[in-house]
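This report concerns only the one structure given below.
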Amino acid sequence: MAAIKVLVVDDSITMRALFSNALEQSSDLLVVGAAANADEAREMIEEMRPDVVTLDIEMPGMNGIDFLHEIMTTKPMPIVMLSTLTQKGAEVTLKALELGAVDCFPKPTKATPDEFAKISGKLCKLVATAAKSKVKKYDPEAAAAAAAKAAASQASMGAAKPYKWNGTIVALCASTGGGPAVLELLTAWPANCPPTIVLQQLEEGLAAPFAARLNEAIAPDVKLAEDGMMLQPGQVYVLSAPDKHGLVDRWPGGAIRLVARDPLNGVRPSADLLLHTVAQA
C-alpha cells in the first residue's frame with residue numbers, strides 16, 4: 001500500500017524539522033514537503049497532492065485559520081491543525097472544527113527532539129486516521145443560516161414550557177473527523193436539553209479549554225466530565241479522558257463514572273462501552 005503523503009506547514013524551521021522527523025517515524029507516512037507560509041503551502045498542495053496537511057495557526061501573512069477557510073471552501077482535504085494549550089488555542093480549536101478540520105493536535109511545550117519523540121506515536125496515528133476521513137466543502141452561507149436559525153430557536157426557548165426530564169440521557173460520540181458534525185448538532189441544542197454526554201476524542205490538554213470555549217458557544221451549560229458527576233438536564237458533559245473509559249452508572253438519573261480499564265477493541269475511551277451503559281441507565 002502506498003504511503004500517506006503529508007505536507008507540514010509551520011513558519012518555524014525548527015518546528016518543521018521536528019514535526020517532519022516525528023511523522024517519518026511511521027513507515028505508513030511520507031513527508032512530501034514542508035512549507036513556511038500559506039503561499040508556499042498553496043503551491044506545494046498543487047504540486048505534491050498530499051493526502052493530509054498539518055497546519056500551524058500562527059504564520060506570517062495569512063494565518064492558519066484563514067488558510068484552512070480557503071482550503072475548505074475551495075478544494076477540501078484532510079487538515080490536522082497544530083494548536084497551543086491556551087484559551088486562545090481552545091477558541092482556535094473550536095473554529096477549526098467548525099470549518100471542517102479533521103482534528104487538532106497540541107504542540108509540545110518544548111521544541112526539543114525528546115519532547116517530539118514522546119508525541120510521535122500519537123501524531124502519526126492521528127494523521128493516518130485523518131487521511132481516511134471524508135471531508136466536505138465548507139459553505140459559509142449555509143453555516144451562517146444554520147447559526148441564525150439556532151439563535152432564533154434559542155430566543156424562542158424563553159417562552160417555552162419548562163422541560164420536565166423523563167430520565168432520557170443523550171450520548172454523542174465522535175472519533176477523528178467527527179468533531180464538525182457534533183458541533184453542528186450542539187449549536188442547535190436547547191438550553192433545557194436532556195443530560196448530554198459528548199465523547200469527543202481530543203488530545204490530552206485540549207479537553208478542558210475546549211469545554212470552556214464550547215460553554216460560551218452553545219445554550220446549555222458545558223462541563224468537563226468528572227468521575228461521580230451526577231447527570232442533570234440542561235447540561236452537556238465533555239468526556240475526553242484518554243486513559244479512562246466513560247460509563248453511566250444506574251443512580252437515580254444516572255452518574256458519570258471514569259474507570260481505568262484496558263482499551264476496548266483498541267480504543268479508549270470506548271464509544272461502544274459508553275453507549276451500552278447509557279442504554280442500561
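The values are calculated or read from the model by the stated rules, or taken from the named source; none is laboratory data. Note that this is a predicted model, so its numbers are computed, not measured. All Cβ positions, even for glycine, are placed from backbone atoms using ideal geometry, and neighbour counts span all protein chains on display.
For this structure, a couple of remarks:
- Just one of the numbered conditions (1) under 24 Å from residue 214 (Cβ atoms); (2) modelled with pLDDT of 90 or more; (3) buried (at least 19 other Cβ atoms within 10 Å of the Cβ) is not true of residue 73: (3).
- Selected residue (criterion: modelled with the lowest pLDDT) from residues of segment 232-251 that are out of contact with any strand residue (DSSP E or B) (no Cβ under 6 Å at 6 or more places or on another chain) and more than 20 Å from residue 188 (Cα to Cα): 251
- Candidates 191, 130: the one that is at pLDDT 70 or above, in a loop (DSSP other than H, G, I, E, B) and aliphatic (A, V, I, L, M) is 191.
- The single residue among 30, 68, 18 that is among the aliphatic types (A, V, I, L, M), within 16 Å of residue 130 (Cα to Cα), at pLDDT 95 or above and not in a strand (DSSP E or B) turns out to be 68.
- Here the condition is being on the phi < 0 side of the Ramachandran plot, surrounded by 19 or more Cβ atoms within 10 Å (Cβ to Cβ) and free of Cβ contacts under 8 Å to residues at least 40 places away in the same chain; of 142, 96, it holds for 96 alone.
- Residues that are closer than 21 Å to residue 276 by Cβ, over 21 Å from the mean Cα position of the chain (by Cα) and surrounded by 15 or more Cβ atoms within 10 Å (Cβ to Cβ), drawn from segment 215-248: 229, 231, 248
- Just so you know, in segment 253-268 the residues that are within 20 Å of residue 236 (Cβ to Cβ) and out of contact with any Asp or Glu (no Cβ under 9 Å at 6 or more places or on another chain) include one that is modelled with the lowest pLDDT, and it is 253.
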